[in-house]
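Asks: I'd like to ask some things about the structure below.
The values are calculated or read from the model by the stated rules, or taken from the named source; none is laboratory data. If you're wondering where the values come from, they're calculated on a predicted model, not measured in any experiment. Here the Cβ positions follow ideal geometry from the backbone for every residue, glycine too, while neighbour counts run over all protein chains shown.
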Amino acid sequence: MRYDTVIIGAGLSGLAAGIRLAHFNRRVCLLERHTTIGGLNSFYRLRGRTHDVGLHAVTNYNPKGSKSGPLPRILRQLRFSWDDFGFSPQLSSKISFPGVTLRFSNDPGLLESEIALRFPGEIEGFRRLVKFVEDQPWGTAFPSSMTARSTLAEYLSDPLLIEMLLYPVLFYGSASPHDVELTQFLILFRSIYRDGFARPYDGVRRILSVLVKRFRHLGGEVRLRSGVQAIESRSGKAVAVVLDDGTRIEADTILSSAGSVETARLCEAGVTGDVANGDSTAIPSQVPGELTFFESIAMLDRPPAELGIPETTMFYCGTPRFRYQNPDEPCNVDSGVICSPNNFAYEQPLPESTLRLTVMANNRFWFERPSEEDYQEQKRIWRERIFAAALSHIPDFRPHIVDIDTFSPRTIRKYTGHHNGCVYGSPHKQWDGTTHLSNLFLCGTDQGMLGIVGAMFSGISMANKHVLGGQG
Amino acid sequence: MQPEEIRQVLLDILARIVPDEDLSTLRDDVAFREQIELDSMDFLDIVMELRKQYRVQIPEEDYPNLATMGGAVTYLVPLMKDVKAPA
């Protein structure tokens, strides 16, 4: 079997890359190990309800008619119209630290006025920071030594304000603890504070179904339950992928959204495994990420707004400095994110009421439970601790819970194949997508783009750059 | 294809790339980029759509000829003279 391009992983980056390539008449096959598409942003049915796997909000949202920004660019590149994804904007969000709250929304003026009110001495510095961020063309790559904290310190002096602004940025995309490279900070800062949040009424499945329908319409092929176990190479070139069932598929180009560590392992398997057919081209070692999350999805008997939780998202921290790191304890209950898919400006209310609570988790603890019973019991214990701690920030919603589901780092690892159960991948991003093999490229999280819009942008730009190229 | 037909082909391509733009007022002598939001990725798409739909090969050094509608039509006339207009 032979294709022009094989794409590993049918998540948002792979689907977007696939559409670009199929649109320009390439024979493309998307290979997905899981039984459904979506990767980190999929959805599932449980006890009669459909849940998004990980989606809090689509960041990088621009309202209909916007001409610049990543969302209009991906719509143009994929030939979609504005209404295809059915986005509804957020209501408003907040960042809550001890004694101080900052509200923000898709109108950047709200955050600015909140900072002017709570941190009057910092407002000029904040405005200069915003100008600096906006002056950088989208996707500008800075040296990795330049970080968010070193940049923020040039504009702001109040450590609490720096913590508060940085917290949502890290939580929604940093693969490294405490800080993030400036290049990614700029993308994330804009995606959260300048562009903003939105959600399709039907959640991520609306986006996925639009993408996969288009891909198939263009002649693209999707194979589910088709995990790749190895990438074979010869003389510095990838020649084929081998599926879990032994099927061998040749391709001129391979795009991998599996992650940099995971992709390197597939290459190693292609050299040394049972299917060994490869060469000794050195596979550079990759740095695995270690940050991961524990999230509970609580179904409520009434909309969260009726319980006094009207925010779209709420980033809460019970200490003046947050700990964005792999915690020593199983879950960091001091801080987290609470969000509700109900709190977006839909034309009609959602039929179900949902609250999601997400905190950082220690992956090893969750991987190493001695038994399934213990794992389930620990999930219950920590969920209750997280809820109890969150009550310092929100009204008690617990009596209104009608159903609940919780995922841990173990769940993330199981369904995404990500080493360590990482959500944001390796801290070392590969902005140009290249690997040690001349025709194998990365797309998705470890190429460096983040969120749903960023993932699609990653797939598009890698397909353009490495497959369609100037000579297409 | 006649120049007017080539112009229509380009308009159809642009309409698909930038569906939210009003192309009815597009001037032939002013750069596309000054009239509509068209970044380098989108610009490359004009070239790729021409190749996909009409098998017209445009080498990279000739891209500047496509900056305006007028320039693009003039450049494409000899390349597309034997190509049939879309039905």
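Asks: Which residue pairs have Cβ atoms under 8 Å apart, sit 6 or more places apart or on different chains, and have a first residue in the range A:364-383 that is in contact (Cβ under 8 Å) with a residue 60 or more places away in the chain and within 10 Å of A:Arg410 (Cα to Cα) and a second that is in a helix (DSSP H, G or I) and not hydrophobic (A, V, I, L, M, F, W, C)?
Replies: Filtered contacts from the range A:364-383: A:Trp366/A:Tyr375; A:Trp366/A:Gln378; A:Trp366/A:Pro409; A:Trp366/A:Arg410; A:Trp366/A:Gly421.
Asks: So which residues in the range A:196-254 are polar (S, T, N, Q), surrounded by 18 or more Cβ atoms within 10 Å (Cβ to Cβ) and either touching a residue at least 60 places away in the same chain (Cβ under 8 Å) or out of contact with any Leu (no Cβ under 9 Å at 6 or more places or on another chain) (or both), if there are any at all? Quick ask: steps written out before the conclusion?
Replies: Initial filter on the range A:196-254 (polar (S, T, N, Q)): A:209, A:226, A:229, A:233, A:235, A:247, A:253.
Subset that is surrounded by 18 or more Cβ atoms within 10 Å (Cβ to Cβ): A:226, A:229, A:233, A:253.
Answer for the range A:196-254, where residues must be polar (S, T, N, Q), surrounded by 18 or more Cβ atoms within 10 Å (Cβ to Cβ) and either touching a residue at least 60 places away in the same chain (Cβ under 8 Å) or out of contact with any Leu (no Cβ under 9 Å at 6 or more places or on another chain) (or both): A:Ser226, A:Ser233, A:Thr253.
Asks: In the range A:450-472, what residues are in a loop (DSSP other than H, G, I, E, B) and either within 14 Å of another protein chain (Cβ to nearest Cβ) or aromatic (Phe, Trp, Tyr) (or both)? So that I can check it myself, show each step before the final result.
Replies: Restricting attention to the range A:450-472, the residues satisfying the condition of being in a loop (DSSP other than H, G, I, E, B) are A:450, A:469-472.
A:Gly469, A:Gly470, A:Gln471, A:Gly472 - these are the residues of the range A:450-472 that are in a loop (DSSP other than H, G, I, E, B) and either within 14 Å of another protein chain (Cβ to nearest Cβ) or aromatic (Phe, Trp, Tyr) (or both).
Asks: Determine if the range A:384-407 includes at least one residue that is of a type in the set (Asp, Glu), assigned to a strand (DSSP E or B) and touching a residue at least 40 places away in the same chain (Cβ under 8 Å).
Replies: Taking the range A:384-407 and keeping what is of a type in the set (Asp, Glu), we get A:384, A:396, A:403, A:405.
This time we only want the ones that are assigned to a strand (DSSP E or B), so: A:403, A:405.
Then keep just the ones that are touching a residue at least 40 places away in the same chain (Cβ under 8 Å); that gives A:403, A:405.
Scanning the range A:384-407 turns up at least one residue that is of a type in the set (Asp, Glu), assigned to a strand (DSSP E or B) and touching a residue at least 40 places away in the same chain (Cβ under 8 Å).
Asks: Do we find that A:Leu78 is assigned by TED's automatic domain parsing to the domain that holds A:Leu255 and of a type in the set (A, V, I, L, M, F, W, C) in this structure? Walk me through how you get there before you give the answer.
Replies: Details: assigned by TED's automatic domain parsing to the domain that holds A:Leu255: no; of a type in the set (A, V, I, L, M, F, W, C): yes.
No; evaluated as a whole, the condition is false for this residue.
Asks: Do any residues in the range B:30-46 that are within 9 Å of another protein chain (Cβ to nearest Cβ) and without any contact (Cβ under 8 Å) to a residue 24 or more places away in the chain have Cβ atoms under 7 Å from those of residues that are outside any helix (DSSP H, G or I) and surrounded by fewer than 16 Cβ atoms within 10 Å (Cβ to Cβ), where the two are at least six apart or on different chains, and which pairs are they?
Replies: Cβ pairs passing all conditions: B:Glu37/A:Lys67; B:Glu37/A:Ser68.
Asks: Going residue by residue through the range A:405-419, is there one that turns out to be acidic (Asp, Glu), surrounded by fewer than 19 Cβ atoms within 10 Å (Cβ to Cβ) and not assigned by TED's automatic domain parsing to the domain that holds A:Cys29?
Replies: Narrowing the range A:405-419 to residues acidic (Asp, Glu): A:405.
Of the ones still in play, those that are also surrounded by fewer than 19 Cβ atoms within 10 Å (Cβ to Cβ) are A:405.
Okay, now just the ones that are also not assigned by TED's automatic domain parsing to the domain that holds A:Cys29, so A:405.
Within the range A:405-419, one or more residues are acidic (Asp, Glu), surrounded by fewer than 19 Cβ atoms within 10 Å (Cβ to Cβ) and not assigned by TED's automatic domain parsing to the domain that holds A:Cys29.
Asks: Still on this structure, I have one more. Just to check your reading of the model, which residue among B:Tyr63, B:Tyr54 is within 14 Å of chain A (Cβ to nearest Cβ), touching a residue at least 40 places away in the same chain (Cβ under 8 Å) and surrounded by 14 or more Cβ atoms within 10 Å (Cβ to Cβ)? Lay out the reasoning, then the answer.
Replies: Working: B:Tyr63 fails: touching a residue at least 40 places away in the same chain (Cβ under 8 Å).
After ruling out the rest, the residue left standing is B:Tyr54.
Asks: While we're here: Inspect all residues belonging to the range B:32-50 and state whether any of them is at pLDDT below 90 and aromatic (Phe, Trp, Tyr).
Replies: Checked the range B:32-50: at least one residue is at pLDDT below 90 and aromatic (Phe, Trp, Tyr).
Asks: Another question, then. Considering every residue within the range A:108-125, establish whether at least one is surrounded by fewer than 17 Cβ atoms within 10 Å (Cβ to Cβ), within 23 Å of the chain's Cα centre (by Cα) and more than 23 Å from A:Gly448 (Cα to Cα).
Replies: Looking through the range A:108-125, at least one residue is surrounded by fewer than 17 Cβ atoms within 10 Å (Cβ to Cβ), within 23 Å of the chain's Cα centre (by Cα) and more than 23 Å from A:Gly448 (Cα to Cα).
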